[in-house]
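Beneath this line is the structure, given in structure tokens, with notes to follow.
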Amino acid sequence: MTQIERRARSSGPDVLIVDDEDDIRELLELSLLRLGLSSDGAATLAEARALLGQKRYRLCLTDMRLPDGDGLELVRYISETCRDLPVAVITAFGSMDNAVTALKAGAFDYLSKPVSIDQLRALVKSVFSVTAKDDDDSKKDTSSLTGESPAMVQVRSLIEKLARSQAPVFISGESGSGKERAARMIHDLGPRAAAPFVAVNCGAIPENLMESEFFGARKGAFTGADADREGFFQAAHGGTLFLDEVGDLPLPMQVKLLRAIQEKKFRRLGDTTETQVDVRILSATHQNLKAMVEATRFRQDLFYRLNVIELRMPPLRERAEDIPQLAGILLARLSESSGLPPVRLSEGALRALKAYAFPGNVRELENILERAMALSSGEFIEADDLLLDPSDMGEASPAAPATPGGADLQEYLDQVERHVIEEALEKSGGNRTAAARALGVTFRSLRYRLERLGIKE
Ligand SMILES: Nc1ncnc2c1ncn2[C@@H]1O[C@H](COP(=O)(O)OP(=O)(O)OP(=O)(O)O)[C@@H](O)[C@H]1O
Ligand SMILES: [Mg+2]
């Protein structure tokens, strides 16, 4: 934005308020004035469109139900014609569906009725820090997800867009594909960058401690609580809460979480009053959450709340053209942290990597390179140093035991299952948690299978 444009923009009113009720418009106008912002009012969609054609605003607030149409139409109109203008919808209390639809249509955020000054303040703060950030391109570091493949370029541009919104984002993708890195980028490029990013591995918290870990506890709330304890929600206040492996949450906790996310408040263990929070929720899992919903292992309402917008991290095998650049960066990083002299990949090694399926994605590439660096003797890493698993090479079909003639089905299936599990354990160096992740099953389920099949490590 040039100086002149900026001046022109800030000289007019800051906010356009669209609501057919005079009282509400007036109330919002006064509240905004208290926050130092001037505003215009429109009572209909037509009026709003006319004003948008004449002036430049920095924020638009719209009611959902208007005499000549609905607020969603305005959200769509604005995202098509004045893409830089953040628009927030005002929804009736409890109508979460509307809010979700609006976010999907491109709204920046929503406010629920009755609109409190605190809600407005939080919204205004995030809108104006986004705008301020827009002027400072030097701060943008979109290169932290390496790769120039079309898939990766698209992911980065979506991340930039998502960073400006406050909508919950669900990040899907295979193990090691960069889900956590993507979540950090969404946070770092957005208005909450200066506030905390709190990442929680939902699968790693013992069930009996979950509530106090998430919501905190007052001193004396349970035996062992000898001081007030801050929960994840409070720790992330003003910032972002990243729920990693959200599919591992037990059902009772899903209910409590849904409530906290929906109402933006929660109660600490041992507390009688509720605490208000302002956090943006990002979540991820390598599991198929939709299938978990169908199997009733994950609540549909929570899924719907978390998955307003989905960001899919492509597996490395779908963007093999990124491998040379990624490998280069990873090798440089490795030699720096280990103090070993820099090494490069031979032509043959690069070819082998490009043909490899990478079930563990970028993390696996890191591990392969680290091991190869230790094995290689010269300036180059050779294909043999990579120790790639032949069953994941090229077009070769996954190695499975041949169907034994005459054996019964269960025995055959057990054999396949044993083979797959043993392979996963071998790859993870005997680490069962990692093996379970790679197989897409819970730790508990893996342990059960190990026992059933009599596999000993
Ligand atoms: N595009 C990328 N550029 C550079 N490094 C990357 C990229 N994607 C992933 N990485 C690196 O690969 C490793 C795995 O990434 P990350 O932890 O974000 O994956 P994940 O999808 O969360 O994995 P998991 O499912 O195992 O939790 C990290 O060390 C990360 O820094
Ligand atoms: Mg992760």
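The values are calculated or read from the model by the stated rules, or taken from the named source; none is laboratory data. Please read these numbers as outputs of a predicted model, since none were measured by experiment. Heads up, the Cβs are rebuilt from the backbone with ideal geometry, glycines too, and the neighbour counts pull from every protein chain shown. To get the accessible areas, we keep the full protein, side chains included, count just its heavy atoms, and leave off ligands, DNA and RNA. Shrake-Rupley method; radii C 1.70, N 1.55, O 1.52, S 1.80 Å.
Quick notes on this one:
- Test result for Met373, crowded, with 17+ Cβ neighbours inside 10 Å and within 22 Å of Lys427 (Cα to Cα): yes
- Cβ-Cβ under 8 Å pairs, at least 6 apart or on other chains, the range 159-173 side assigned to a loop (DSSP other than H, G, I, E, B), far side of a type in the set (D, E, K, R) and surrounded by fewer than 22 Cβ atoms within 10 Å (Cβ to Cβ): Ser165/Asp109; Gln166/Asp109; Ala167/Lys104; Ala167/Asp109; Pro168/Arg305; Gly173/Arg312
- Residues located in the range 184-229, provided they are in a loop (DSSP other than H, G, I, E, B), among the charged types (D, E, K, R) and over 23 Å from the mean Cα position of the chain (by Cα): Arg218, Lys219, Asp226, Asp228
- Flag if Thr91 is of a type in the set (S, T, N, Q), open to solvent by less than 40 Å² (accessible area, probe 1.4 Å) and in contact with a Phe, Trp or Tyr (Cβ under 6 Å, 6 or more places away or on another chain): yes
- For the range 214-234, the set of residues classified as buried (at least 16 other Cβ atoms within 10 Å of the Cβ) and within 18 Å of Lys264 (Cα to Cα) consists of Phe214, Phe215, Gly216, Ala217, Gly231, Phe232, Phe233, Gln234, listed by residue number.
- Scan of the range 432-442 for residues that are closer than 18 Å to Leu365 by Cβ and free of Cβ contacts under 8 Å to residues at least 40 places away in the same chain, ordered by number: Ala434
- Close pairs from the range 326-338: first at pLDDT 90 or above, partner assigned to a helix (DSSP H, G or I) and among the acidic types (Asp, Glu), Cβ under 7 Å, at least 6 apart: Leu330/Glu366
- Residue in the range 170-190 that is open to solvent by less than 50 Å² (accessible area, probe 1.4 Å), away from ligand 1 (no atom under 16 Å from the Cβ), farther than 20 Å from Leu103 by Cβ and in contact with a Lys or Arg (Cβ under 8 Å, 6 or more places away or on another chain) present: no
- Residue check, Ile205 open to solvent by less than 10 Å² (accessible area, probe 1.4 Å) and of a type in the set (A, V, I, L, M, F, W, C): no
- Residue list for the range 233-261, filter: farther than 16 Å from Asp301 by Cβ and within 16 Å of ligand 2 (Cβ to nearest atom): Thr240, Leu241, Phe242, Asp244, Glu245, Asp248
- Residue match in the range 432-439 (condition: assigned to a loop (DSSP other than H, G, I, E, B) and among the polar types (S, T, N, Q)): no
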